[in-house]
Each structure stands twice: as C-alpha cells, then as structure tokens.
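This report refers to the structure that appears directly beneath it.
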Amino acid sequence: MGKIVAVTGNEACAQALKQINPDVCAAYPITPATDLMQRFSGFVNDGKVDTELVLVESEHSAMSACIGAAAAGGRVATATSSQGLALMWEMLYIAAGTRLPIVMPLVNRALSAPLNIHGDHSDGMGARDTGWIQFYSENAQEAYDNTIQAFRVAEHLDIRLPVIVCMDGFIVSHSIERVEYIDDADVKKFVGKFVAVNPLLDIDNPKSYGPLILTDLYHEYKRAQHEVMTRVPKVVLEVAAEFEKMTGRRYGLFETYRLEDAEMAVVVMSSAAGTTKDIIDQYRDRGVKIGLLKPRMFRPFPFAEIANALKHVKAIAVLDRADSFGGMGPLYSEIAGAVMQMDTKPAMINKIFGLGGRDYLPDQAEHVIDELITLAKTGKVQAVKEYIGVRE
Amino acid sequence: MTTKPLKLRELAKGEDRFVHGHRMCSGCGAPIVVKQVLMATDYPIVASNATGCLEVSSCIQQFTAWKIPWIHSAFENAAATISGVEAMYKSLVKQGKLEDRNVKFVAFGGDGGTYDIGFQSLSGAMERGHDMLYVCYDNGAYMNTGIQRSSATPFGANTTTCPAGDVIPGKLQQRKDLTKIMAAHGIPYVAQASPANWMDLMKKVQKAFEIKGPKFMNVISPCNRGWRSKTNDAVALARLAVETCYWPLYEIENGVTKITFKPKEKKPLVDFLKPQGRFRHMFNPENEWMLKQAQEYVDNQWERLQKEAAFFGGEEKAEEK
Ligand SMILES: Cc1ncc(C[n+]2csc(CCOP(=O)(O)OP(=O)(O)O)c2C)c(N)n1
Ligand code: SF4
Ligand SMILES: [Mg+2]
C-alpha cells in the first residue's frame, strides 16, 4: 500500500519521474509544465536520482537531445506544453520514426495566437499524427499512474515508441488533489531495467541512425510504423493489468461510466470527464439513461473497442477541448470513424468547449445532455458542430 | 592513450572509418575533411551529422559509409543531438552501467547547418560544456538543396538565391565570422583548418581530443558543383584559400590566439577567386569594385588576426611546406 499525499499533477508526475530515475532528461521551461521539470531538477541536484539533466536552449533541442540520448541506449524523459511541443514538431516525427522509447508528460495548454497559458488540448491534438502514443489523464492520480505505465509501454520490445502523457494545464497540473503514491521499490520493480536495442554506444558494433530512404522503401517503412501501432492496445492492456495487480487501480484503453444500459453518451477526455460524471449522476437519478465514455489512449485510437462500447446508444455528444478550424473537433472525427463500423448509426453532435482554460461548468454539461435527450427522441441534428460556454 | 604519430606511411596503413561507396560528387572536399578528422585519432568516436550533402550521401537505406556509430536526426540540431548522446554516455558510465572507454563525440555539419539554422543549437551545446568536438565543413552555401546563399557564402559569390544579376551582382554581404563567434563563447578550443594542410588539421583534431569540454573547428571544404570549379582542384583551392589568407589557419586555445600557418608570401585573393565560376562576374570591368572590396576585407581580417596573435606572442612556424 502506497502513501496518500496531497499534491498537484505536476508534483505527482515529478515524483513518478523521480521513482523511475531516467538516465537522461532534457528540459526547457514553459508554463504550465515548468514546475514539473523544476521539481525534477531539484531531485537531480539533491542527488535523489542518477539522471544526467541537459538544460537545453529550446524545446527543439530538448527533443533532439532526447533523441540522441535514447539512440545512445538508455531511459529518457522530458516534459513540455503548448508552444514547446509546437517547436518540437519536426523532432516528434523523428523520435517516433526512429522508434525511440521517450516518455514525455505534456501539460496541455492552448496554442498562440492570441497568447494564452491555460489548458486545452490543441497542443496534443497538433501532435496527433506524429507517431507518438498518447494518453490523456483525468486527474493527478491518473497522470502519475499513466506516467509510470508509459515507460513500460514505450520500452516494450514489441513497441519501442515514444509516449506522451497528457494532463490538463492548471486544472490538473496546479490543483492539489489526493494522490496515492506507489512505493519506490514497487515502481522500480514495475518499470524494470532498461533494455537497449541497437544502442549507438555499442562502440564495437557501430550502427548508423537516420538514413535517407527514398521512394523505393519509404512507403514500406511507414506501413511498418503503422503495424507497430496496431500492437499497442494489447501491450497497454497487459501493462494495465499488471498495474492493477500492484495498485488495485484499473486502467483500460478508455473508461466508461454508466454506459452499459445508456441510450445516450457523452464522449469527453481528461478533467472535464469528472464534472460530466457528476451531472450524469443527477440525470440518472431522474431516470435519464445517459452514460459517458472517456478515451484514455487517443493514439493509437481504439476504434473497434469504442464502437463496441457505444453500439447500443442512439445519440452521442463528443466534447472537444480543441478545434480543427474548418473541420470537426479532432475527437469527434475519431468517434465518427469508430461509429462508422457500427450496424446502426447513432445521431452525433460535436461541442467545442473550454478553449484557453475557459471553465467547463456543470450547466454546460446539462445543456449538452438536454440536447442529447431531444436528439435521441427525434434523431434530428440541428447543428453538428457548435461552441459551448461562449460569451456572446 | 598517447596521441598517434602523424606519419603518412603509418596513416595510409590505418583502417578507414569513413569508407568508399558514399555518393558525394567526385572531387568533393567534405569526405576528405571527414577522413582526416577520423584518421587523426584512434579513440572510439561517435558522430552526429546535420542534414546536408555529407549526410544524404553517406547513409542511404542499408548502405552506410560510416564505420563508427553515427546518427543523423535533422538539419539544425547536430550539436543538440550529439549532446544527448554524450549526456547518456556520461550518465551510464557514472552509474556503472557502461565501461568508460574514453569515447569522443563529434558533430559534423555544413555551413548552413552550423552558421545559420543550427547556430542556436550549436551555441547552446557549447555553453552547456558538453565534451564534444563540432566540425563545420564550410563549402559556403546550401549545396544539398542546389547552391543557395548562406551566411558563410563569401562576398560577391553567385548562388542560386543571390545570382549575379543585372542589378544585384551576387552576394553583397561579407561572411559571418563564425570561428570568432565560437571563440567568444569562451570554450577551451577553437580552430580553423583546411584539408590542404592535412598535418595542421589533424594536429588540431588531436589537440581537441585531449581537451575536455566543448571544441569547435571550422574547416574549409571545396565544392566543385557550387564553386563552379574543376573536379580535381579541391585540395588546390583549399590551399589557395590559405595562401591568400582568405582562410587563415589559426587556433584559439583557452583564449590565446595562435596562427598555425603563415604563408611565406601572401598571394592576391584573385588567385583563389579566378578558378571559381561563382566569382566570374566579379572580373567584368564594371565589377572591379567587388574585387577591391573582397581583397580589402581579407586584408583587414588578416591584419587583425596577426595583431591578435602578436598580442599573445606570435605565430607558430609552418611545419609543412
Ligand atoms: C528544417 C529544414 N529546413 C530546410 C531543409 C532543407 N535542406 C536540407 S540540406 C540543406 C542545405 C544544407 O546546407 P549546408 O548545411 O551548408 O550543407 P551542404 O549541403 O552544403 O553540405 C537544406 C536547406 C531541411 N532539411 N530542414
Ligand atoms: S554538391 Fe558540392 S558539397 Fe555536395 S557532394 Fe557535390 S561537391 Fe560535395
Ligand atoms: Mg554548405
């Protein structure tokens, strides 16, 4: 049984990194992730970890140094937010394409312009196609647990891919919550020894990393990368099962809440799921058959499993904390893709909420559920995509 | 480990760590530079490489010309990438997870990947004090993408983005003096070298590898495609660059400037410019001012360098003729 503490999401993630003791971390400050690596730097300078900390001059260099370090053959982590992730964009593809198991907490924050430091998922969604595995966490406990599990998934010999672990900026990163820490020795045992694959530092067996691959083989390389992604769900579930044995806390590819007999569903990720669950309880008390689906693993997206979980609902509202301007919300597009595989298609609406840290309040959830009730009855979609919580 | 003797006969018998089969243009200076750097030492070396001619031509699919561990990740980050490799080495050795074999870390980058887009990453890595040597092979333009201007392109040169046009006759700015900028970082060793003076170059590499911390070497690297010169004149042009004092050979060790080779007789700059088609327009009568300006700049720079070296006690006599 671990220790119960009152900590912020950043503190919990820093603790996870401390317990994991990566060989190299490269870091660059950005709100709201700054505090995470700042705490970790304290662990380095107090000799609590063996990590070699590389305090780079930009996030582009942070990811470049992580790539060099991971290729060298050891455990590597960094953390960032928003503009920092955007600056890494080029290197994110290279980390994934090179199959390097780097773990990166991403404290979700809006993207400029206008400049805004508060939480939304625009940054993570911008990295959707980079080839990184992505987990989204509802609270500090999940951020802590996901960070620990992320190393196992990233470093799994069938996978060897980088993993992003998201938590909502400020809402989770800076709020003090009850978190149950796992004992140091248990984390160490759970994560295990790092196994290097083709390390650059194997001096006697020199390897070349980063070749030029043109039209004759690039397509095949990318197909291979796609195939690795298809192996991820099984590994994520195996790791989660082991994690549950250790902690009693259960994780899947997604979480469902009162969904089994529901006629309507709200799909939403991260901290907003908590608020939504409370409102669902209120409607359930009034006999409304509403449930929730909260994706945990956004990449790879578990289409078949989600379709199966939603197959009995008549209407779905997908809440996106990011927008694809001129398109649908990114989560909506994925759910629509999943729903396409179902025999009967539910009516679907997309709500864009909470951009730049705009509070997601109970009345927003209520409005969404009220609309779902009508939608389930009529089957008629008024507006597919709509912003909610907007000041007119 | 003792520094190995630089005897041609011995060196020729040594094992190449950058081998034939790469697809650089015939007569390119860059592979010569790489070979000389790697040949100068028997230490184990791990290298990173910025995107550019050297990188795209030396590792294609399953074929690699590198007999050492080598990593290319992107264009602007050879320094950051190798800094990560070096940090991992340090960490693993410190934790007893890896045997300390005195591995040396080298980054290779073209002038574009070093003076321009990779400048921030280079500056950062040098300031952080990684134990690494950065080698810039300076061919004075973005050659890989088809000879575009960089901040290392010499004054007057005709490139595809600063063509010698009817109104603007080539590049109107002088080169960025990166060697001096790197010296201003206060790092323990900075040097400028030329593959024509191979002994001088290799000695500098040897010296760099005996110094802990960040080191930078700027090496002129003729490119017959971009310089519009003959395919058999790379070494001759690299020599003329030195003899005209366009590319002086010097080093700055712990802040002390030393000229490592002083030509007996300083040749006029036109000797270096004339064989290169990229400067052809400068020889048109209306562009005489360009030749004059180019010569003045070289004279001033050379004068300054000599003064700096004199301040610290002069220059070393050349050991090779
Ligand atoms: C971020 C980015 N911008 C542009 C390019 C395109 N690019 C590839 S190589 C290159 C030129 C390299 O020039 P230099 O560093 O001088 O090396 P050289 O090819 O001359 O040896 C450019 C512009 C790129 N690969 N990445
Ligand atoms: S274009 Fe120039 S630098 Fe590039 S390989 Fe050819 S000769 Fe060498
Ligand atoms: Mg160049």
Any residue in the range B:63-75 that is within 16 Å of ligand 3 (Cβ to nearest atom), touching a helix residue (DSSP H, G or I) at 6+ places or on another chain (Cβ under 8 Å) and of a type in the set (S, T, N, Q)?
-> no
Kindly indicate whether any position in the range B:158-168 is over 14 Å from the mean Cα position of the chain (by Cα), in a loop (DSSP other than H, G, I, E, B) and closer than 20 Å to B:ALA234 by Cβ.
-> yes
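If you take the residues in the range B:20-38 that are more than 16 Å from ligand 3 (Cβ to nearest atom) and in contact with a strand residue (DSSP E or B) (Cβ under 8 Å, 6 or more places away or on another chain), which one is nearest to the other protein chains (Cβ to nearest Cβ)?
If we take residues in the range B:20-38 being more than 16 Å from ligand 3 (Cβ to nearest atom) and in contact with a strand residue (DSSP E or B) (Cβ under 8 Å, 6 or more places away or on another chain), then B:ARG23 is nearest to the other protein chains (Cβ to nearest Cβ).
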Where B:GLN36 falls short, out of the listed (1) outside any loop (DSSP other than H, G, I, E, B); (2) within 15 Å of ligand 2 (Cβ to nearest atom); (3) open to solvent by less than 50 Å² (accessible area, probe 1.4 Å); (4) not β-branched (Val, Ile, Thr) | (2)
In the range B:39-68, residue farthest from the other protein chains (Cβ to nearest Cβ) [restricted to those that are of a type outside the set (Ser, Thr, Tyr), over 21 Å from B:THR114 (Cα atoms) and part of a loop (DSSP other than H, G, I, E, B)] = B:ALA40
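Could you go through the range B:153-173 and let me know if any residue there is small (Gly, Ala, Ser), away from ligand 2 (no atom under 16 Å from the Cβ), in contact with a Phe, Trp or Tyr (Cβ under 7 Å, 6 or more places away or on another chain) and open to solvent by less than 30 Å² (accessible area, probe 1.4 Å).
yes
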Only unsatisfied item for B:ALA78, checking (1) more than 7 Å from every other protein chain (Cβ to nearest Cβ); (2) open to solvent by 40 Å² or more (accessible area, probe 1.4 Å); (3) closer than 30 Å to A:LEU87 by Cα, is (2)
Just need a number here: residues in the range A:331-346 that are surrounded by 15 or more Cβ atoms within 10 Å (Cβ to Cβ) and either outside the structural domain of A:MET269 (by TED's automatic domain parsing) or outside any loop (DSSP other than H, G, I, E, B) (or both).
-> 8
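Here is a yes/no grid of residues against (1) more than 16 Å from ligand 1 (Cβ to nearest atom); (2) under 30 Å from B:ASN158 (Cβ atoms); (3) over 13 Å from the mean Cα position of the chain (by Cα):
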{"site": "B:GLN192", "(1), (2), (3)": "yes, yes, no"}
{"site": "B:MET199", "(1), (2), (3)": "yes, no, yes"}
{"site": "B:LYS204", "(1), (2), (3)": "yes, no, no"}
{"site": "B:LYS212", "(1), (2), (3)": "yes, no, yes"}
{"site": "B:ASN218", "(1), (2), (3)": "no, yes, no"}
{"site": "B:CYS223", "(1), (2), (3)": "no, yes, no"}
Looking at (1) over 24 Å from the mean Cα position of the chain (by Cα); (2) assigned to a helix (DSSP H, G or I), which is the only condition A:ASP50 fails?
-> (2)
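When you check B:THR114 against the structure, is it among the polar types (S, T, N, Q), assigned to a loop (DSSP other than H, G, I, E, B) and within 16 Å of ligand 2 (Cβ to nearest atom), yes or no?
On the way: among the polar types (S, T, N, Q): yes; assigned to a loop (DSSP other than H, G, I, E, B): no; within 16 Å of ligand 2 (Cβ to nearest atom): yes.
For B:THR114, the condition - among the polar types (S, T, N, Q), assigned to a loop (DSSP other than H, G, I, E, B) and within 16 Å of ligand 2 (Cβ to nearest atom) - is not met.
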How many of the residues in the range A:236-251 are surrounded by fewer than 18 Cβ atoms within 10 Å (Cβ to Cβ) and touching a residue at least 24 places away in the same chain (Cβ under 8 Å)?
-> 3
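Taking the condition of being within 16 Å of ligand 2 (Cβ to nearest atom) and out of contact with any Ser or Thr (no Cβ under 7 Å at 6 or more places or on another chain), how many residues in the range B:117-151 meet it?
Filtering the range B:117-151 down to residues within 16 Å of ligand 2 (Cβ to nearest atom) leaves B:135-150.
Keeping just the survivors that are out of contact with any Ser or Thr (no Cβ under 7 Å at 6 or more places or on another chain) gives B:135, B:143-145, B:150.
The number of residues fulfilling the criteria is 5.
One line per residue, one yes/no per condition, for (1) out of contact with any Pro (no Cβ under 8 Å at 6 or more places or on another chain); (2) farther than 23 Å from A:TYR332 by Cα; (3) at pLDDT below 95:
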| position | (1), (2), (3) |
| --- | --- |
| A:ALA127 | yes, no, no |
| A:TRP132 | no, no, no |
| A:PHE135 | yes, no, no |
| A:VAL153 | yes, yes, no |
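Please tell me if B:ILE220 is open to solvent by less than 20 Å² (accessible area, probe 1.4 Å), away from chain A (no Cβ under 14 Å) and within 16 Å of ligand 3 (Cβ to nearest atom). I'd like the intermediate steps shown before the answer.
Numbers: open to solvent by less than 20 Å² (accessible area, probe 1.4 Å): yes; away from chain A (no Cβ under 14 Å): yes; within 16 Å of ligand 3 (Cβ to nearest atom): yes.
Yes.
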Determine which single condition B:GLY226 fails, assuming it passes every other condition in (1) part of a helix (DSSP H, G or I); (2) more than 16 Å from ligand 2 (Cβ to nearest atom); (3) open to solvent by less than 40 Å² (accessible area, probe 1.4 Å).
-> (2)
Tabulated pairs, the range B:88-100, first facing chain A (nearest Cβ under 7 Å), second buried (at least 24 other Cβ atoms within 10 Å of the Cβ) and of a type in the set (Val, Ile, Thr), C-beta under 6 angstrom, 6+ apart or interchain = B:MET88/A:VAL24; B:SER91/A:VAL24
Pairs where the first residue, in the range B:10-39, is among the hydroxyl-bearing types (Ser, Thr, Tyr) and the second is open to solvent by 20 Å² or more (accessible area, probe 1.4 Å), C-beta under 6 Å, 6+ apart | B:SER26/B:THR231
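Within the range B:189-217, can you find the residues that are of a type in the set (A, V, I, L, M) and away from ligand 3 (no atom under 16 Å from the Cβ)?
B:VAL190, B:ALA191, B:ALA193, B:ALA196, B:MET199, B:LEU201, B:MET202, B:VAL205, B:ALA208, B:ILE211
Looking only at the range B:120-138, decide whether some residue is within 16 Å of ligand 3 (Cβ to nearest atom), over 25 Å from A:ASN198 (Cα atoms) and surrounded by fewer than 21 Cβ atoms within 10 Å (Cβ to Cβ). Give the steps one after another, and end with the answer.
Let us first name the residues in the range B:120-138 that are within 16 Å of ligand 3 (Cβ to nearest atom), namely B:122, B:134-138.
Next, from what is left, pick out any that are over 25 Å from A:ASN198 (Cα atoms): B:122, B:135-138.
Okay, now just the ones that are also surrounded by fewer than 21 Cβ atoms within 10 Å (Cβ to Cβ), so none.
The answer is no; no qualifying residue exists.
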Within the range B:275-289, which residues are part of a loop (DSSP other than H, G, I, E, B) and surrounded by 15 or more Cβ atoms within 10 Å (Cβ to Cβ)?
-> B:PRO275, B:GLN276
Please state which of the following conditions B:MET182 fails to meet, knowing it meets all the rest: (1) within 14 Å of the chain's Cα centre (by Cα); (2) near ligand 1 (Cβ under 10 Å from one of its atoms); (3) of a type outside the set (Ser, Thr, Tyr).
-> (2)
Breaking point among (1) touching a residue at least 60 places away in the same chain (Cβ under 8 Å); (2) buried (at least 24 other Cβ atoms within 10 Å of the Cβ), for A:ILE67 = (1)
Candidates A:GLU220, A:GLU180, A:GLU227, filtered to the one that is open to solvent by less than 90 Å² (accessible area, probe 1.4 Å) and touching a residue at least 60 places away in the same chain (Cβ under 8 Å) | A:GLU180
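Between B:SER26, B:SER58, B:SER73, which is under 13 Å from A:SER208 (Cβ atoms) and within 11 Å of ligand 2 (Cβ to nearest atom)? Step through it out loud before you land on a result.
Numbers: B:SER26 fails: under 13 Å from A:SER208 (Cβ atoms); B:SER73 fails: within 11 Å of ligand 2 (Cβ to nearest atom).
Answer to the selection: B:SER58.
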Tally time: how many residues in the range A:22-43 are buried (at least 20 other Cβ atoms within 10 Å of the Cβ) and under 18 Å from B:LYS94 (Cα atoms)?
-> 5
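The values are calculated or read from the model by the stated rules, or taken from the named source; none is laboratory data. No experiment lies behind these values; they were computed from the predicted model shown. Ideal geometry is used to build each Cβ from the backbone, glycine not excepted, and the neighbour counts take in all protein chains shown. Protein only, heavy atoms only, side chains kept; ligands, DNA and RNA dropped before computing areas. Shrake-Rupley method; radii C 1.70, N 1.55, O 1.52, S 1.80 Å.
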